[in-house]
1. Which sequence of 435, 517 reflects their accessible areas, 1.4 Å probe, from the largest down?
2. Taking the solvent-accessible surface of protein heavy atoms with a 1.4 Å probe, what is the per residue accessible area of region 144-263 in Å²?
3. What Kirkwood Rh does the chain have if only Cα atoms enter the pairwise 1/r average? Answer in Å.
4. When the chain is fully extended, how far beyond the present Cα-Cα distance does residue 690 get from residue 131, taking 0.36 nm per residue of separation?
5. Using +1 at the C-beta of Lys and Arg and -1 at the C-beta of Asp and Glu, which of 244, 206, 182 has the Cα lying farthest in the positive direction of the dipole of region 169-263?
6. So what J values fall out for region 214-219 if you push phi through Karplus, 6.51 cos²θ - 1.76 cosθ + 1.60 with θ = phi - 60°, rounded to Hz, Gly and Pro as x?
7. Given 474/717; 366/430; 486/677; 71/136; 85/151, which pairs have Cα atoms separated by over 23 Å?
8. With every protein chain present, what accessible area does residue 509 have (1.4 Å probe, heavy atoms only), rounded to the nearest 10 Å²?
Amino acid sequence: MHSSTSERGTLNMRKLKPSLGSIQKWVISICIVTAGAGISTGFDSPVPSAYAAETEKLDSVRVALFIDTGKYSVNTSSVTLSSAKGMDITLRNSAGADKPAFAIVDKTSAAASLDGFHAVLWEGTDKTQAKSIMDKLTAANQDAVLVASTKRGTVSYQIELGPYATKDVAQAAMTKASGLSAVSGLIKGYTPSVGGPLHWNAGSYATEAEAAAQAAAIGAAGFDAGVAFMDTAAGTPAYAVFVGAETTSAELNAVKLQINGVMPALVLQPVDPAISYIVKRTQADLETDGLPVIPYFTLGGGTGANSTTKLTVSPNLSDTVAVKERFERSYRGILEISRFNSKLAVINELPMDQYLASVVSSELNKDWPVEALKAQAVAARTYVKKQGVKYQIAHVSDSTVDQAYQGAGAEFPTALTAVQATQGEVLKDKAGLISPLFYSNAGGMTAESTEVWGNKVAYLQSVPSPDDGAEKGKVVWYRIVLPNGKTGYIHSSYARDTGEKNAAGLPYFVSTGTGVSVRPAPFVDNTANPASFKVDIGDRFVVFDQAMESNAFSWIRGPYDADKLKEKVNTVLGQPISGSLEKLEISKRGESGRVVEMKANGQVMKPDYPDALRTLFNSLPSTRFDIEETGRYTILGANNTVRDQTASSPAIYVATGGAAPQAATAPQIFVLNGDNKAKLADKQSQYVFRGTGYGHGLGMSQWGARGYAELGYDYKKILQTYYVGVSITKE
């Protein structure tokens, strides 16, 4: 399943209001979706009338691939587009009319950005140097474009940063980039400068070819020139040649004097800043040997930070358009590029059914029962219609802040079948469309709404959920200890039983591979769960425990040091802990078994809402968990005396054979219980979380929908099991 780690609504919803059926959003500025802060009920700016039609009658969906609303941000300075059958570039004006501007031939890539303030970091004819500077900038996470132009018969390269909303911001970016130690030596001898969106019009023409010929003539004289398509009145020439890219009128006049000094007959007219345009230049393709050039389009003109003029890209012959900067995904429909909040916005507009087919394919898997796919289709359709125009110029994003949408490349045929079989169907209660929350796995029981956000929603009740299919086929990991005391989990495929046992009766194993990672918890994630150490062929160790590989149904996280957890716990305690964290305990559970209250050193923790405990403890998969304190255990002594041992307790003494008892001073010891099961006890206390479920647990579990479908439920029964008391209606 594609979405085993995703959950719709968890990252951005705090409370549901049953009276309105609406959602308050908890949204963050992201490039990769993580936990965050800041609560909002929506966006403050008015919704553009062009997109404010009744969402329940929505026929097409506008998906934000890149956008910056201030509350949700996924940014890029430019996009690189391609289509196997070619693309058409149009200028969509404020009236919504599309004016054909440029055509891109089969399999040719093209780049697009905004015309604005930019930093010119370097210019020269040395191709190798240009590539080297670009590589250094990329390594330093600097967005840069390598523009190519032919002047006086020679290809000249220009490295630009931006665009930026103001000259000051461009200046600051230029100073920062040029000061990088890896870059400064390469651009030595060139003085960086700031360019802008002010141009001269060097002539208007009826065709692109005529304009291109004039631009070439100006280039032969040694000046940069680009072909522009303008939003002119019907019957007047739409193509022009733009020269100059300046920040002030004084700079424009200086350029005019310079050009006319070489080409005195060339008539230069100012470009009206209110007229929208697309300028066609060329950009070097850094990923292809020889740095061949591709078309580079910049959208400019109009007024304000949210110009209503758009650049649209349509694939020929119903093909798709790929966006390199968005994981190289391909999209149906059209791509719309605009200026929004002074930044580049990229919106994919496509028919509802095509959108839903991709969502179902992105969320689930092609081998799942069709009834589970149908349930997902109805939930996804309801979700997008419920959102309205959430992002001002788009209904939804493509991330799991809303619902996963990975474009045409994710699609599989049965997803479209499920969408078509449920054509127009949505979920409603007496207040209208519900908010159909869904997520990966309920861990056996869904949440009741108060367990997550603390308030009651009638259709979100705790119900059984057959989710254990997520762990079927998962392998066992062994928990091992090396002779030097190092411990961790190793994949069972890389460990072989020797048949020997130690004095405690625990088996000796050896590694069957070289450079095998041993991790703190039983799953592979080099970021969240990196290797603690590695073993090689023949390395010998004791296996003292084992666990199923962590999955969407059952999981282990940790161990986490008490001191590090204390820093997080103190953020939600009325009286911060000044000493050590001695005890972390679950003090209250909800109806489904989810943790709704915890105590630290006996003091109740008070996060904003119960589900926030997951974020507090290093983004736990769910709140349906238990806690194991590695430094705590109970000793049954003589005369049935019981001693609760913790990391801060006095040392215990160990007697072996006839030797005198000695204090156990090692940083860790192993203890055996009555069932001969070993437990590792750390002198430095740590905490391990063991739980079930992946997600907030509200509404439909995707793994549970699969489980119910395999039990014979149809999609309507699945949906009405997870969303209690709702109706399924066709619109």
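1. Numbers: 435 0, 517 30 Å².
Largest to smallest exposure gives the sequence 517, 435.
2. Numbers: 5340 Å² over 120 residues.
About 45 Å² of surface per residue is accessible.
3. By the Kirkwood definition, the hydrodynamic radius is 29.5 Å.
4. Value of the extension gain: 196.3 nm.
5. The Cα lying farthest towards the positive end belongs to 182.
6. In residue order, the calculated couplings are 5, 4, 5, 5, 5, x Hz.
7. 474/717; 366/430; 71/136; 85/151
8. Ignoring ligands and nucleic acids, residue 509 comes out at about 20 Å².
The values are calculated or read from the model by the stated rules, or taken from the named source; none is laboratory data. Everything numeric in this text was worked out from a predicted model, so none of it was measured. In this analysis, Cβ positions are derived from the backbone assuming ideal geometry, glycine residues included, and neighbour counts consider all displayed protein chains. With ligands, DNA and RNA removed, areas are computed over all heavy atoms of the protein, side chains included. Shrake-Rupley method; radii C 1.70, N 1.55, O 1.52, S 1.80 Å.
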